[in-house]
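Every read-out reported here was derived from the displayed coordinates using simple, explicitly stated rules and does not represent laboratory data. In this text, all values refer to a predicted model and were calculated from it rather than measured experimentally. Positions of Cβ are backbone-derived with ideal geometry, glycine not excepted, and every protein chain shown enters the neighbour counts.
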Amino acid sequence: MLLTFTSEDESADYDDDEPMTLTELRDSIRRVLGVVLPLGEPTRLTRFTFHARQVEPYRDGRILLAGDAAHLFPAPGVALTAGLLDTVNLGWKLAAAIHGWAPAGLLDTYHDERHLAGERTLLHSGAQEPLRRGHNPAAEALRELFQELLVDEQPLRRIGALMAGTDIRYPPPGPDHHDLTGTFAPNLALHTDQGTTSVAELVHTARPVLLDLADRSDLRETARDWQHRIDIHTAETDHRPADALLIRPDAHIAWAATVDEPTDTAALALREALSGWFGTPLKTTVPIIDRPS
């Protein structure tokens, strides 16, 4: 099966109640490419118009919007990723609310975080419009210059992360946070007594993870009262970016301890992060379990 679509400025009005025809597609291909292509019997024909819209807010009481109900973008291909990231962000927070352990304001963070992400997607998808649709000398020069920039690794990685939605740093709840707080967890290679694994493998359970990268028993002990809600792992990694990472179910970092951060400072900050994201701790006398990776 071959997927074919054209993109052009609308030259005539059409009625969405009238089905699109093969002749309409053939004429559009001729206008865009300047040639007539032989076309067989289509499986499906549809028209779509690029929009740039975002609702405000994403949450109104018990009503929460995600995906195309929350945003429409002026470029193809990005809506699916944005919608999936909306869903992953909202899913674990809704589950926390349904099960009764969500801390105050947790559901409100869905709007705070994903509206910001939607704005970024609107930014880069809007910037694609002149790159994709322009046919004058200025547009050709813009495309050529942009292609030259993408030969270099750093801008290529930056644009890739922007389009994938992984460049977002969600706003931290207060000042003086580690630079990794609010970002996607880096997919570190991890070395354990059981062998080699990765951060990506650890988050497959869709549970919060406290990843101890410096054998910090003080931090593991601090997390003990939340061990019914979070997984605790101890591992080593080359060039560790932090002594420990508290990773949310959507793979964003809720908190990080700087390398060699003093026990009293790190433990207090970890307790605040655990309470702020994962609710009131459950007091327990069960020994803490370092789950092997």
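Note down the relative contact order for the chain as a percent, whole number, built from C-alpha pairs under 8 angstrom at least six residues apart. Across the chain, relative contact order equals 14 percent. Taking His124, His111, His204 as the candidate residues, the one with maximal mean-square fluctuation in a Gaussian network model of the chain, Cα springs under 10 Å, is His204. Net charge in the neighbourhood of Asp243 (other residues with Cβ under 12 Å of its Cβ; Lys, Arg +1, Asp, Glu -1) is -3. When shorter helices are ignored and each DSSP H run of at least 4 residues is given -39500 (n - 2.57), the per-residue value for the chain at 222 nm works out to -12000 deg cm²/dmol.
Placing a pseudo-label 7 Å from each Cα along the Cα-to-Cβ vector at His135 and Arg120 gives an inter-label distance of 3.5 nm. Distance between the C-alpha centres of the range 174-188 and the range 20-36: 49 Å, rounded to the whole angstrom. Phi angles across the range 231-241 convert, under the Karplus curve 6.51 cos²θ - 1.76 cosθ + 1.60 with θ = phi - 60°, into 3J(HN,Hα) values of 9, 10, 10, 10, 7, 10, 8, 6, 6, 4, x Hz, Gly and Pro given as x. Would you mind telling me the antiparallel percentage of the DSSP bridges in the chain, rounded to 5? Within the chain, antiparallel bridges account for around 80 percent of the total. Under a Gaussian network description of the chain, with springs only between Cα atoms under 10 Å, the residue in Glu153, Glu113, Glu221 that fluctuates furthest is Glu153. The phi-based Karplus calculation (6.51 cos²θ - 1.76 cosθ + 1.60; θ = phi - 60°) puts the 3J(HN,Hα) values of the range 263-271 at 4, 4, 5, 5, 5, 5, 5, 5, 4 Hz, whole numbers, x for Gly and Pro. Kindly identify the range 50-140 as rounded, prolate or oblate by the Cα gyration tensor criterion: order the square roots of the eigenvalues as a ≥ b ≥ c, call it rounded if a/c is under 1.5, otherwise compare a/b with b/c, prolate if a/b is larger, else oblate. The shape class here is prolate. Going by a ≥ b ≥ c, the root eigenvalues of the Cα gyration tensor, does the range 232-278 fall in the rounded group (a/c under 1.5), the prolate group (a/b larger than b/c) or the oblate group? Judged from the Cα gyration tensor, the range 232-278 comes out oblate (a/c at least 1.5, b/c at or above a/b). Summing charges over all other residues whose Cβ lies under 13 Å from the Cβ of Thr21, with Lys and Arg as +1 and Asp and Glu as -1, gives -2. For the chain, the longest principal axis of the C-alpha atoms and the axis of helix 79-98 are separated by about 30°.
Cut-off is 10 Å between beta-carbons; in what order do Leu246, Leu162, Leu3 appear when sorted fewest neighbours first?
So the residues, fewest neighbours to most, are Leu3, Leu162, Leu246.
For the chain, the longest principal axis of the Cα atoms and the long axis of helix 137-149 meet at an angle of about 30 degrees. Springs between Cα atoms under 10 Å define the GNM used for the chain, and in it the highest mean-square fluctuation of Asp17, Asp231, Asp152 occurs at Asp17.
Other residues lying with their Cβ under 15 Å from the Cβ of Arg59 contribute a combined charge of -3, Lys and Arg counting +1, Asp and Glu -1.
If you sort the three axes of the alpha carbon gyration tensor as a ≥ b ≥ c, you get a/c of 1.5 or more for the range 1-49 and a/b no higher than b/c, which makes it oblate. For Kirkwood radius over Cα pairs in Å, the value calculated from this model appears in (i) 25.2; (ii) 23.5; (iii) 22.3 under label (iii).
Rounded to the nearest angstrom and listed largest first, the equivalent-ellipsoid semi-axes of the range 189-278 from its Cα gyration tensor are 18, 16, 11.
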